[in-house]
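The values are calculated or read from the model by the stated rules, or taken from the named source; none is laboratory data. This structure is a prediction, so every number in the text was calculated from the model and none was measured. No Cβ is skipped: glycine too gets one built from the backbone with ideal geometry, and neighbour counts run over all protein chains shown.
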Amino acid sequence: MKSMIELNQITKSYTRGEEQLQILKGISLVIEESDFVAIIGPSGSGKSTLMNTIGLLDTPTSGSYTLDGVSTEKMSDNGLAELRNKKIGFIFQQFNLLPRLTAIENVELPMIYAGIPTKQRRDQAQRMLEKLGMGQRGHHKPSELSGGQQQRVAIARALAISPSLILADEPTGALDSKTGIEVLELIKELNQQGNTIVLITHDQHIADNAKRVVTLRDGEIIKDVRNEPLITRVHEAVSI
Amino acid sequence: MRIWELFQMAIATVRSNPLRTILTMLGVIIGVSSVITLVSIGQGTSKSIEKQYEGLGTNLLTVNLLGNGRATQLNYDELMQLESTPGISAIAPTMTRNSTNVKYEHTEETYNVIGTNDRYLDLQKGKMADGRFLAEADLDFRNHVAVIGSDVAKEFFGTEDPLNEELNVNGYMYTIIGVLQSKGSNTSGTSLDSAVIVPLPTMTRDFKLGSIRTAYVEAASGNDVNRVQTILEAYLANKFKSTTGYNIFNSSELISARQTASSTLTNQLVAVAAISLLVGGIGIMNIMLVTVSERTREIGIRKSIGAKRRNILLQFLVEATLISGMGGLIGLILGVALSLLWPYINPSQETSLSLNVGLYAFLFSALVGVIFGLYPANKASKLKPIDALRFD
């Protein structure tokens, strides 16, 4: 199977005063197309930094990262923006919808930056909302929607330009447990339809829904488990 | 991303905070409207100056004889001899007595009485409404005839015909032979409309006046004006053995001197107004900087879903330009309205609107938005997506 994400010896360090903080200590990870991977770890484990690196929101200090066959190391800001636009659909804990825009306008946003014409954009956005059961809510502002509904709109936005990768950062973190389960089911469904999904969480129960669980601690992968099929395989991280 | 989409986006943002938008625009509105109003007042003044002097014609020279003692006097015949000088087409020696009692039947008023010759009417670009102007024979025979201005005719006769009526001017009876068309005030501020014009020799005798103080000299063409002025100066200097005791005004010199004075004043006022436009621009920059930091999270979201630096830069730039452009447009409308209303507020002041100035003021205001929006927009576009997303 084709690999979607290839991380090779990724490090990330910050300087705070005199102190050199190493958040990621040489992460190597390959994620295959159509897989559903949960990255789990306690706070301070570096999972957010890893997620920002995978999402091309932040650049690593060293190491190489290839996304869907595109090497990202030497890319300009604009190149990275284009790659985020075309290849990554983000689902955030706080939804991150623009409050001034209606639901359908929020879904249209990535398509505006992709240069898709107005009519086609609007139709596509409507289809996406319908797919997520939000077809009737297109003209509501985010503040007029419940948390679960807002997250559905955000998912519709993430799917709008058929990304290669869906990156979900604690997608159920701001939702009650019932709505959280619904959203999780939705994400599983998207995976069954062939979407590659990387989910970041601190919650083992949520991670159990994924096909593969990567555990991070202190900036290193300490466990990499495949939940499916039933036989659980434990591999050692490629390099520590 | 098309420019229209950027505008729609900017309109939505600007509409979401109308009070702030209007306050931000205020500086530009005041700047643009005052530039337009001040320029139109300035141009109005300059036009009214032109109109005042138009009555004289640009070929006209005014010779003032100060008449200090016998040495600097010229009599009527001496002046008229100059008419044969090449380049001179006509001369009208003139004496004026202001605020003279004029009586018709039982009505008494004070008017300016002008003593002159038959050339005067053409030189002053006057026209007859009724009857005739003074003729050479009236001067030769010292006839007691008078030509009256339109205001005089209205005052004494109303709708009646003034011709052949007898007017008592300073105790002497004059027969009215003509009425002038209304013309408005001339250079010296005195109006022919409220003047009584009589033959110069008749006036000298009746009023027991001394020497002639003023002579209007018309050059044959605009090209002759300077040459005639030189000839007259040389003649007078030779005659009086002095370069004092007289002066000669050239009407086009007078016009340009007054025009220069008025346009200098206008330019200074416009400069002050332009400074207020600049201050308006700084206001826009200030608000845009506030907006950028308020909307850091929005910028982060937009960047995370694929907005490039250019997209963010243009978004904020279009917003700033929209605010200043709308301010400019409102200022334009306000300025035009003020210019049109100004003459009603201040009747002595004409205004003259100019399309160019309105257009420049509007374009300049839009430019102010671009220039002062550039820094905040650039700041927004440079934000790192991760830093912007983390911002609360």
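Scan the range B:279-286 and give yes if some residue there is outside any helix (DSSP H, G or I), buried (at least 21 other Cβ atoms within 10 Å of the Cβ) and of a type outside the set (A, V, I, L, M, F, W, C), otherwise no.
no
Pairs please, first residue from the range A:185-205 and touching a residue at least 40 places away in the same chain (Cβ under 8 Å) and closer than 14 Å to residue A:163 by Cα, second anywhere and of a type in the set (Lys, Arg) and in a helix (DSSP H, G or I), Cβ atoms under 9 Å, 6+ apart in sequence or on different chains.
A:197/A:188
Suppose the filter is touching a strand residue (DSSP E or B) at 6+ places or on another chain (Cβ under 9 Å) and under 23 Å from residue B:306 (Cα atoms); does residue A:64 pass it?
Here the answer is yes, as residue A:64 does meet what is asked.
Given the condition at pLDDT below 90, away from chain A (no Cβ under 14 Å) and crowded, with 20+ Cβ neighbours inside 10 Å, answer yes or no: does some residue in the range B:69-76 qualify? Write out each step before concluding.
Here is the first cut: in the range B:69-76, the residues at pLDDT below 90 are B:69-76.
Okay, now just the ones that are also away from chain A (no Cβ under 14 Å), so B:69-76.
When the remaining residues are screened for being crowded, with 20+ Cβ neighbours inside 10 Å, the result is B:74.
Taking every residue of the range B:69-76 in turn, at least one turns out to be at pLDDT below 90, away from chain A (no Cβ under 14 Å) and crowded, with 20+ Cβ neighbours inside 10 Å.
Kindly establish whether residue B:300 is surrounded by 24 or more Cβ atoms within 10 Å (Cβ to Cβ), in a helix (DSSP H, G or I) and of a type in the set (Gly, Ala, Ser).
When the stated conditions are applied, residue B:300 does not pass them.
Check residue B:343 against each of (1) in contact with a Ser or Thr (Cβ under 8 Å, 6 or more places away or on another chain); (2) within 14 Å of chain A (Cβ to nearest Cβ); (3) surrounded by fewer than 17 Cβ atoms within 10 Å (Cβ to Cβ) and name the one condition it does not meet.
Tallying (1) in contact with a Ser or Thr (Cβ under 8 Å, 6 or more places away or on another chain); (2) within 14 Å of chain A (Cβ to nearest Cβ); (3) surrounded by fewer than 17 Cβ atoms within 10 Å (Cβ to Cβ), residue B:343 fails exactly one: (2).
Which condition does residue B:122 not pass, out of (1) touching a helix residue (DSSP H, G or I) at 6+ places or on another chain (Cβ under 8 Å); (2) surrounded by 14 or more Cβ atoms within 10 Å (Cβ to Cβ); (3) under 30 Å from residue B:255 (Cα atoms), if it passes all the others?
(1)
Output yes when any residue across the range A:102-116 is under 26 Å from residue A:177 (Cα atoms), among the aliphatic types (A, V, I, L, M), in contact with a helix residue (DSSP H, G or I) (Cβ under 7 Å, 6 or more places away or on another chain) and assigned to a loop (DSSP other than H, G, I, E, B), and no when none is.
No, there is no match, as no residue in the range A:102-116 is under 26 Å from residue A:177 (Cα atoms), among the aliphatic types (A, V, I, L, M), in contact with a helix residue (DSSP H, G or I) (Cβ under 7 Å, 6 or more places away or on another chain) and assigned to a loop (DSSP other than H, G, I, E, B).
How about the range A:75-91: which of its residues are at the interface with chain B (Cβ under 8 Å from one of its Cβ atoms) and of a type in the set (A, V, I, L, M, F, W, C)? Step through it out loud before you land on a result.
Within the range A:75-91, the first condition is being at the interface with chain B (Cβ under 8 Å from one of its Cβ atoms), and the residues that meet it are A:77-78, A:81-82, A:84-86, A:90.
Listed by number, the residues that qualify are A:81, A:90.
Of the residues that sit in the range A:108-158 and are crowded, with 22+ Cβ neighbours inside 10 Å and small (Gly, Ala, Ser), which one is nearest to residue A:195 (Cα to Cα)?
That would be A:158.
This table checks each residue for (1) crowded, with 17+ Cβ neighbours inside 10 Å; (2) of a type in the set (Ser, Thr, Tyr).
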{"residue": "B:90", "(1), (2)": "yes, no"}
{"residue": "B:109", "(1), (2)": "no, no"}
{"residue": "B:112", "(1), (2)": "yes, no"}
{"residue": "B:139", "(1), (2)": "yes, no"}
{"residue": "B:157", "(1), (2)": "yes, no"}
{"residue": "B:164", "(1), (2)": "no, no"}
{"residue": "B:183", "(1), (2)": "no, no"}
{"residue": "B:191", "(1), (2)": "yes, yes"}
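Could you run through the range B:310-336 and say how many residues are of a type in the set (S, T, N, Q) and within 14 Å of another protein chain (Cβ to nearest Cβ)?
The number of residues fulfilling the criteria is 2.
Of (1) within 22 Å of residue B:127 (Cα to Cα); (2) in the same structural domain as residue B:114 (by TED's automatic domain parsing), residue B:251 satisfies all except one. Which?
The single condition residue B:251 does not satisfy is (2).
For the range B:345-378, give me each residue that is over 16 Å from the mean Cα position of the chain (by Cα) and of a type in the set (Ser, Thr, Tyr).
B:360, B:365, B:375
Given the conditions (1) surrounded by fewer than 18 Cβ atoms within 10 Å (Cβ to Cβ); (2) within 14 Å of chain A (Cβ to nearest Cβ); (3) not in a helix (DSSP H, G or I), report the number of the one that residue B:307 does not fulfil.
Against the list (1) surrounded by fewer than 18 Cβ atoms within 10 Å (Cβ to Cβ); (2) within 14 Å of chain A (Cβ to nearest Cβ); (3) not in a helix (DSSP H, G or I), residue B:307 comes up short only on (1).
Hey, among the residues in the range B:69-93 that are hydroxyl-bearing (Ser, Thr, Tyr) and touching a helix residue (DSSP H, G or I) at 6+ places or on another chain (Cβ under 7 Å), which one's nearest to residue B:183 (Cα to Cα)?
B:76
Yes or no, residue by residue, for (1) under 25 Å from residue B:15 (Cβ atoms); (2) charged (D, E, K, R); (3) in contact (Cβ under 8 Å) with a residue 40 or more places away in the chain:
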{"site": "A:102", "(1), (2), (3)": "yes, no, no"}
{"site": "A:114", "(1), (2), (3)": "no, no, yes"}
{"site": "A:125", "(1), (2), (3)": "yes, no, no"}
{"site": "A:130", "(1), (2), (3)": "no, yes, no"}
{"site": "A:144", "(1), (2), (3)": "yes, yes, no"}
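Just to be sure I understand, how many residues within the range A:184-200 are in contact with a helix residue (DSSP H, G or I) (Cβ under 6 Å, 6 or more places away or on another chain) and either surrounded by fewer than 20 Cβ atoms within 10 Å (Cβ to Cβ) or at positive phi (or both)?
Residues flagged as in contact with a helix residue (DSSP H, G or I) (Cβ under 6 Å, 6 or more places away or on another chain) and either surrounded by fewer than 20 Cβ atoms within 10 Å (Cβ to Cβ) or at positive phi (or both) within the range A:184-200 amount to 0.
Scan the range B:74-100 residue by residue and report those that are under 30 Å from residue B:156 (Cβ atoms) and not in a strand (DSSP E or B). Don't jump to the end; show me each part of the working.
Filtering the range B:74-100 for residues under 30 Å from residue B:156 (Cβ atoms) gives B:76, B:92-100.
B:76, the sole residue that qualifies.
Would you be able to say whether some residue in the range A:125-145 is facing chain B (nearest Cβ under 10 Å) and in contact with a Lys or Arg (Cβ under 7 Å, 6 or more places away or on another chain)?
As a first pass, look at the range A:125-145 and keep what is facing chain B (nearest Cβ under 10 Å): none.
No, the range A:125-145 contains no residue that is facing chain B (nearest Cβ under 10 Å) and in contact with a Lys or Arg (Cβ under 7 Å, 6 or more places away or on another chain).
Matching residues to (1) assigned to a helix (DSSP H, G or I); (2) within 14 Å of another protein chain (Cβ to nearest Cβ); (3) of a type in the set (Phe, Trp, Tyr):
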residue: B:360; (1), (2), (3): yes, no, yes
residue: B:366; (1), (2), (3): yes, no, no
residue: B:372; (1), (2), (3): yes, no, yes
residue: B:386; (1), (2), (3): yes, yes, no
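Please enumerate the residues belonging to the range A:94-122 that are at the interface with chain B (Cβ under 10 Å from one of its Cβ atoms), farther than 22 Å from residue A:174 by Cα and either touching a Gly at 6+ places or on another chain (Cβ under 6 Å) or aliphatic (A, V, I, L, M) (or both).
Correct list: A:109, A:110, A:111, A:112, A:113, A:114.
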